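Structure, as structure tokens:
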Amino acid sequence: MEVAVYNIKGEDTGRKVTLNDAVFARDLSEGNADHTIYLDVKQYLGNQRQGTHKSKERSEISGSTRKLGRQKGGGGARRGDINSPLLRGGATVFGPKPRDYRSKLNKKMKSLARKIALTSKAQAGVIYVVENFNFDKPCTKDWVNIAKSFKLDDKKTLLVMNDLDRNVLLSVRNVPNALMQQAIDLNAYTVLNNDAILMTEGSVELINENF
């Protein structure tokens, strides 16, 4: 498919760029697209987790082990020591323990999930291609002006560059609803978690050739 190329002012340059149909125009009804996306997103989010959560069990609570009341005749349930999960300050029953949330997903499925995500955004018409640009110095206002030119200042926007431009990165990261990422680092979660995607021409060429 072909899409228009804009300049950083949001003006149509009159040129068009071709998006690889194998990446941006897949048949979303083939196979199990939803499940593929689910597995990839689950793996991505799981890999971000530290898994260091921990609550104390009964044997780890500091407290007397003396039995608080007699076994019978108290008019209530039998009660053990003060570390009981039934009492305030007591232990947690089946609480969280440190664990590893990481999982594995084969490369073909991860690649397919990324293509499905890009296709869904292309079909929604929220992928914009802009001429290659850079900033002379970090300037958040410059990025805000670009976002306003495309009417994306109030939307979660993903800027995709073909390489790492530090000045652009520092300018974009100050904006809460904006994220910059290199084309080679794209993943299904990042694509789906943004309302619109702004791609430079260089990143489109890289994606067409390598994805």
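Annotations
- Antiparallel content of DSSP bridges confined to the chain, in %, to 5: 20
- Fully extended contour minus Cα-Cα distance, from residue 139 to residue 50, at 0.36 nm per residue: 28.7 nm
- Where Rh is the Kirkwood radius over Cα pairs, Rg/Rh for the stretch 138-211: 0.95
- Within the accessible surface of the chain, defined with a 1.4 Å probe on protein heavy atoms only, the carbon and sulfur portion equals 47 percent.
- Global form of the chain, assessed from the alpha-carbon gyration tensor, a/c cut-off 1.5: prolate
- Of the listed residues 103, 203, 55, the order by accessible area with a 1.4 Å probe, largest first, is 103, 55, 203.
- The chain, relative contact order in percent, only Cα pairs under 8 angstrom and at least six apart counted: 25
- Amide H partners (placed H, <5 Å) of residue 129, local residues excluded: 6, 199
- Computed over protein heavy atoms with a 1.4 Å probe, the accessible surface of the stretch 74-211 works out to 57 Å² per residue.
- Residue among 161, 109, 199 with the largest mean-square fluctuation in a Gaussian network model of the chain, springs linking Cα atoms under 10 Å: 109
- Cα centroid separation - the stretch 149-172 against the stretch 13-49, whole Å: 20
- Contour minus Cα-Cα distance for residue 57 and residue 15 (0.36 nm per residue): 8.6 nm
- Neighbour cut-off at most 12 other Cβ (10 Å), DSSP loop, trypsin sites (Lys or Arg not before Pro), the stretch 114-211: 151
The values are calculated or read from the model by the stated rules, or taken from the named source; none is laboratory data. No experiment lies behind these values; they were computed from the predicted model shown. Ideal geometry is used to build each Cβ from the backbone, glycine not excepted, and the neighbour counts take in all protein chains shown. Accessible surface areas use protein heavy atoms only, side chains included; no ligands, DNA or RNA. Shrake-Rupley method; radii C 1.70, N 1.55, O 1.52, S 1.80 Å.
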